[in-house]
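Below: one structure, written as structure tokens.
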Amino acid sequence: MNISDVAKKTGLTSKAIRFYEEKGLVTAPARSENGYRRYAQKHIEELTLLRQARQVGFTLEECQELVALFHNPDRHSADVKARTLEKAAEIERHIQELKTMHERLLTLAEACPGDDGAECPIIDNLSGCCHKH
């Protein structure tokens, strides 16, 4: 298969596929005599794993570990589950941080008259300034 075939099968762009190859996240494809990359089914599986792992929040480094586990016949599902639960906990922390940020923004917006005047409690609050201009 060529790179455009792989792109269609994985839902990735050719650019993304080449990026993952450059980062060593997927097995290097064989090259034909004319230098074109030739892909096999294992590349489709690796790239699909990468795409889906990225969609659920795994970093490139974490994806590299997942691809290594994918190829490791001695892997333990407990290791994969532990990494997945760690990622879920990390995402939960981010959600809480985002909720806090959201609440603060709404509180700031509520304090602002939002009129044509120059006085703005949002700017005052964010700048740590407490005096009127």
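The values are calculated or read from the model by the stated rules, or taken from the named source; none is laboratory data. These figures come from a predicted structure and were not determined experimentally. So basically every Cβ, Gly included, is an ideal-geometry build from the backbone, and we count neighbours across all protein chains shown.
Taking first residues from the stretch 101-130 that are small (Gly, Ala, Ser) and partners that are outside any helix (DSSP H, G or I), the Cβ contacts under 7 Å between residues at least 6 apart in sequence or on separate chains come to Ala118/His133. On the stretch given as the stretch 95-133, residues that are outside any loop (DSSP other than H, G, I, E, B) and surrounded by 11 or more Cβ atoms within 10 Å (Cβ to Cβ) total 12.
For the stretch 72-89, the criterion of being part of a loop (DSSP other than H, G, I, E, B) and surrounded by 15 or more Cβ atoms within 10 Å (Cβ to Cβ) is met by none of the residues.
Here is a yes/no grid of residues against (1) of a type in the set (Gly, Ala, Ser); (2) over 27 Å from Thr13 (Cα atoms); (3) touching a His at 6+ places or on another chain (Cβ under 6 Å):
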residue	(1), (2), (3)
Lys42	no, no, no
Glu46	no, no, no
Glu61	no, no, no
Phe70	no, no, no
Ala89	yes, yes, no
Glu119	no, yes, no
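For the stretch 50-60, the condition of being small (Gly, Ala, Ser), assigned by TED's automatic domain parsing to the domain that holds Tyr20 and either on the phi > 0 side of the Ramachandran plot or outside any helix (DSSP H, G or I) (or both) holds for at least one residue.
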